[in-house]
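Inspection log for the structure reproduced underneath, given as structure tokens.
The values are calculated or read from the model by the stated rules, or taken from the named source; none is laboratory data. All values reported here derive from a predicted model rather than from experimental measurement. Note that we place each Cβ from the backbone using ideal geometry, even for glycine, and neighbour counts take in every protein chain shown.
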Amino acid sequence: MRKNIVAGNWKMNNDLSKTAALLSDLKEQTKTSNAEVMIAPTFTNLWHAFEATRHDDIEVIAQNMHFAENGAYTGEVNASMLKSIGIQTVILGHSERRAYYNETDESLAKKVDTALANDMRIIFCFGEELADRKSGNEETIVENQIKKALFHLEASAFKNIVLAYEPVWAIGTGETASPEQAQDMHAFIRKTLEGKYGHTVADDMTILYGGSVKPGNAKEIFSKPDVDGGLIGGAALNAENFYAIVNAF
Ligand code: PEP
């Protein structure tokens, strides 16, 4: 069943005291929409954020995890560590992870498998670079990213996957895909899923848009029929702005 979700990716922002302050600002906001709300603080603040929002309508999620179950991977965090502090959902494939930490479709496929094997929900991110769009290759790039990381899965796995289309040229740049560009790509993603898994999987898939969503443009983007919500970076660092986006549904 398709859902409306607004997820805030805090990236490498907010130490413990700023996390606590932002959480208390978030708790003062009123949700008037039916969107599920998620926030992704950095690893060191996940436990605090989980405890602090235990009784609120906010899910705390992780920004990343390793594909291995355990072992000699200095500096990494695995699925069971996340689950042991109550985290059920993980963002995988964010373009910053792909660009700065060499995450590939192949390594992401392994992370996807590990997350699913641990009964975690995944927000799987992908999207084209500016050069790809300029050369008209955006659909091929997106199709390949989805196929390589996800098309080895059984149809039933998709109930635990949310897709996030994030054109790299729109992330943190102030440049937003137009609502029509977002709609066109989301419809293409659904068609790609339908080709492999059939109508029900495609129609049930929640597909988020990410890339400079703000209170001023959220309503128009979310009004498109194949856009089911947003993955929000910069604007998620301010509680009022974030909830203006949540309430744009
Ligand atoms: C993101 O990093 O996922 C993102 C969408 O960032 P921003 O909203 O700042 O463009």
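Restricting to segment 57-77, name every residue that is among the hydrophobic types (A, V, I, L, M, F, W, C) and free of Cβ contacts under 8 Å to residues at least 24 places away in the same chain.
ALA72
How many of the residues making up segment 203-224 are out of contact with any Leu (no Cβ under 6 Å at 6 or more places or on another chain) and within 11 Å of the ligand (Cβ to nearest atom)?
So the answer is 7.
Name the pairs: first residue in segment 102-117 and closer than 12 Å to MET65 by Cβ, second residue surrounded by fewer than 16 Cβ atoms within 10 Å (Cβ to Cβ) and not small (Gly, Ala, Ser), Cβ to Cβ under 7 Å, at least 6 apart or on different chains?
Every condition considered, the pairs that remain are THR114/GLU69.
Table: residues versus (1) over 25 Å from THR42 (Cα atoms); (2) more than 16 Å from the ligand (Cβ to nearest atom); (3) more than 18 Å from the chain's Cα centre (by Cα).
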| site | (1), (2), (3) |
| --- | --- |
| LYS134 | yes, yes, yes |
| GLU154 | yes, yes, yes |
| PRO167 | no, no, no |
| ASP226 | yes, yes, no |
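Table: residues versus (1) under 20 Å from GLY93 (Cβ atoms); (2) in contact with a strand residue (DSSP E or B) (Cβ under 6 Å, 6 or more places away or on another chain).
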residue: GLY127; (1), (2): yes, yes
residue: ALA131; (1), (2): yes, no
residue: ILE146; (1), (2): yes, no
residue: LEU153; (1), (2): yes, no
residue: VAL162; (1), (2): yes, yes
residue: PRO179; (1), (2): no, no
residue: GLY211; (1), (2): yes, no
residue: LYS214; (1), (2): no, no
residue: LYS219; (1), (2): no, no
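Please work out which residue is nearest to ARG2 (Cα to Cα), limiting yourself to segment 228-249 and to residues that are surrounded by 23 or more Cβ atoms within 10 Å (Cβ to Cβ), among the aliphatic types (A, V, I, L, M) and near the ligand (Cβ under 9 Å from one of its atoms).
Among them, the one singled out is LEU231.
For segment 145-168, give me each residue that is free of Cβ contacts under 8 Å to residues at least 12 places away in the same chain and either assigned to a loop (DSSP other than H, G, I, E, B) or under 19 Å from GLY216 (Cα atoms) (or both).
Selection gives GLU154 alone.
For segment 183-202, indicate whether the set of residues that are under 18 Å from the mean Cα position of the chain (by Cα), within 14 Å of the ligand (Cβ to nearest atom) and crowded, with 20+ Cβ neighbours inside 10 Å is non-empty.
no
Quickly run through segment 159-182 and pick out the residues that are exposed (fewer than 15 other Cβ atoms within 10 Å of the Cβ) and either at pLDDT 95 or above or closer than 17 Å to VAL227 by Cα (or both).
Scanning segment 159-182 gives LYS159, SER178, GLU180.
If we keep just the residues of segment 53-107 that are crowded, with 19+ Cβ neighbours inside 10 Å and small (Gly, Ala, Ser), which is nearest to the ligand (Cβ to nearest atom)?
SER95
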